[in-house]
Amino acid sequence: MAILAVVALLVGVVVVTRASSDDEAGAPVPSDPLVEGAMFTAGGIRGIIEATRQRFGTTVVQGVHLYRDDAVLHVLDPKSPTGAVHYDFSPGGEFHNPQVYSGLSVNSTGSPDVVVDLADVDADSVADLIASAPARLGISAATVGQAKFRVTIGGDDGGEIWMGVNDISLDSHLVAGLDGHIKGVHRCGWGC
């Protein structure tokens with residue numbers, strides 16, 4: 001038993017792998033506490049997609065922000081004065097705290113007409129990309145301070161995923177398609 005504990009301490013690095021190219025999701029990288037959390041896993045992504053389908057009868061939405069252990073889903077609502085409502089989400093499928101005004105937009109226009117079908121998201125590839133994002137972006141939990149790592153799935157350009165950190169004096173993010181294919185990387189802008 002003691003030998004196993006020593007081996008576990010020595011091995012301690014988790015490697016995530018999936019795709020074969022360094023330009024795609026899944027290049028082998030150590031995990032980082034910055035991207036650990038229920039919502040950053042394939043199961044967490046699939047969970048909010050299924051909960052959205054069950055609660056709203058569709059997976060076509062304005063978009064969703066994923067954080068470590070919660071999310072904010074933006075859904076179309078013709079009764080809303082803005083055309084949309086956003087809900088907080090807790091793992092397990094519970095939507096709560098509907099809001100009409102305020103909040104971070106899920107697309108570049110802020111328009112309720114820009115939508116994405118969450119059913120088109122490749123949860124496995126996107127989860128692999130999330131796990132590899134800190135290394136790709138040159139960030140870690142130690143270097144970003146209190147800034148939160150965020151993943152935004154929105155309708156820009158037919159469906160895009162933005163992931164990274166954007167906070168006072170820090171902007172390091174990448175943009176990918178719904179399949180996890182990287183479109184572009186912006187490494188450590190501002191004060192990184």
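The values are calculated or read from the model by the stated rules, or taken from the named source; none is laboratory data. All values derive from a computational prediction rather than experimental measurement. Counting neighbours? That spans all protein chains shown, and the Cβs are built from the backbone with ideal geometry, glycine included. With ligands, DNA and RNA removed, areas are computed over all heavy atoms of the protein, side chains included. Shrake-Rupley method; radii C 1.70, N 1.55, O 1.52, S 1.80 Å.
Does Thr109 satisfy the criteria of being under 30 Å from Gly57 (Cβ atoms), open to solvent by less than 50 Å² (accessible area, probe 1.4 Å) and of a type in the set (S, T, N, Q)? Show your work before the answer.
Details: under 30 Å from Gly57 (Cβ atoms): yes; open to solvent by less than 50 Å² (accessible area, probe 1.4 Å): no; of a type in the set (S, T, N, Q): yes.
The answer is no for Thr109.
Kindly evaluate Ser125 against the criterion of being farther than 21 Å from His74 by Cα, of a type in the set (S, T, N, Q), touching a residue at least 12 places away in the same chain (Cβ under 8 Å) and surrounded by fewer than 16 Cβ atoms within 10 Å (Cβ to Cβ). Outline the logic, then answer.
Details: farther than 21 Å from His74 by Cα: yes; of a type in the set (S, T, N, Q): yes; touching a residue at least 12 places away in the same chain (Cβ under 8 Å): yes; surrounded by fewer than 16 Cβ atoms within 10 Å (Cβ to Cβ): no.
Criteria not met by Ser125.
Every residue in region 133-145 that is in a loop (DSSP other than H, G, I, E, B) and not β-branched (Val, Ile, Thr), please. Steps first, answer last, please.
Narrowing region 133-145 to residues in a loop (DSSP other than H, G, I, E, B): 138-140, 145.
Correct list: Gly138, Ser140, Gly145.
Take the conditions of a type in the set (A, V, I, L, M), modelled with pLDDT under 90 and crowded, with 16+ Cβ neighbours inside 10 Å and apply them to Ala133. Does it pass?
Details: of a type in the set (A, V, I, L, M): yes; modelled with pLDDT under 90: no; crowded, with 16+ Cβ neighbours inside 10 Å: yes.
So Ala133 fails the test.
Just to verify a result, which residue in region 79-101, among those that are in contact with a Pro (Cβ under 9 Å, 6 or more places away or on another chain) and part of a loop (DSSP other than H, G, I, E, B), is most open to solvent (accessible area, probe 1.4 Å)? Walk me through how you get there before you give the answer.
Here is the first cut: in region 79-101, the residues in contact with a Pro (Cβ under 9 Å, 6 or more places away or on another chain) are 80, 82-88, 100-101.
Applying the additional criterion that residues be part of a loop (DSSP other than H, G, I, E, B) yields 80, 82-83, 100-101.
Details: Ser80: 14, Thr82: 54, Gly83: 21, Val100: 53, Tyr101: 143 Å².
Here the residue is Tyr101.
Give me the pairs: first residue in region 44-67 and in contact (Cβ under 8 Å) with a residue 24 or more places away in the chain, second residue among the basic types (Lys, Arg) and in a helix (DSSP H, G or I), beta-carbon distance under 8 Å, and six or more apart or on different chains, which are they?
Close Cβ pairs satisfying both conditions: Thr59/Arg53.
Any residue at all in region 112-121 that is at pLDDT 90 or above and in a strand (DSSP E or B)? Walk me through it before giving the result.
Our first condition is that a residue be at pLDDT 90 or above; within region 112-121, this holds for 114-121.
From the residues that got through so far, the ones that are in a strand (DSSP E or B) too are 116-117.
The answer is yes; a qualifying residue exists.
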